[in-house]
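Worksheet: one structure, shown below.
Every read-out reported here was derived from the displayed coordinates using simple, explicitly stated rules and does not represent laboratory data. Fair warning: this is a prediction, and the values are worked out from it, not measured in the lab. Cβ sites come from the backbone with ideal geometry, for glycine too, and all protein chains shown count toward neighbours.
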Amino acid sequence: MRRRYLMLLAAPLLASSVALAPAHAAPAGSAGTSGAKQAVQAVKVTKVEVVTLLKPGETVECNGTPVAMAFDGKITATGPGTVRYHWTVNASRARVSPGSFAFGAGTSTKVALQVVDMPAPKNAKAVTGYVTLHLPDQKKSVRSQQVTFPCKK
């Protein structure tokens, strides 16, 4: 009789645990749904540009001391998320000044200043250079115009 009594007590508990399993699984499914919503709401880069801050034609001292060239990288994005970036100088593949921007809801533009020291050998006629802004997660790269500074005579 006691065994039967324990089975009667255990049956509702067993049934409730079976009944609760699908309800318990529902939040996990909803978490997957919210994860999908987050993916839909991920940041979308809509524009990337590189602006030269020092204008070509300006003369510089070519005495072996590097010449500083400045560029702004402008990234416009819509939606929340993080955009990683890095720079390369001239034809080099070496990554320079890696960073990231956090974007909120809506559309906004962030600006990254990049100053590069270009070699200015003695007796050179001019110093030239360019930079490229890379957004690896978006598979985008934008190159600045080539900047040329004539050397002072």
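Contact map, the stretch 57-68: residues that are over 10 Å from VAL127 (Cβ atoms) and touching a residue at least 40 places away in the same chain (Cβ under 8 Å) paired with residues that are aliphatic (A, V, I, L, M) and part of a strand (DSSP E or B), Cβ distance under 6 Å, separation 6+ or inter-chain. Pairs shown: ALA68/VAL115. Within the stretch 61-79, the residues that satisfy the criterion of being touching a strand residue (DSSP E or B) at 6+ places or on another chain (Cβ under 6 Å) and not in a strand (DSSP E or B) are CYS62, PRO66, GLY79.
How about the stretch 80-99: which of its residues are farther than 30 Å from ASN123 by Cβ and surrounded by fewer than 15 Cβ atoms within 10 Å (Cβ to Cβ)? It would help to see each step written out before you state the result.
Step one: list which residues in the stretch 80-99 are farther than 30 Å from ASN123 by Cβ, which gives 80-86, 95, 97-99.
Of everything in the stretch 80-99, those that are farther than 30 Å from ASN123 by Cβ and surrounded by fewer than 15 Cβ atoms within 10 Å (Cβ to Cβ) turn out to be PRO80, THR82, ARG84, ARG95, PRO98, GLY99.
Evaluating ARG93 against the criteria (1) assigned to a strand (DSSP E or B); (2) under 12 Å from THR132 (Cβ atoms) leaves one unmet condition, (1). Among the residues that make up the stretch 59-79, is at least one of them touching a Gly at 6+ places or on another chain (Cβ under 9 Å), surrounded by 13 or more Cβ atoms within 10 Å (Cβ to Cβ) and more than 23 Å from PRO150 (Cα to Cα)? Taking every residue of the stretch 59-79 in turn, at least one turns out to be touching a Gly at 6+ places or on another chain (Cβ under 9 Å), surrounded by 13 or more Cβ atoms within 10 Å (Cβ to Cβ) and more than 23 Å from PRO150 (Cα to Cα).
Checked against (1) in a loop (DSSP other than H, G, I, E, B); (2) at negative phi; (3) of a type in the set (S, T, N, Q), SER141 passes all but a single condition, namely (1).
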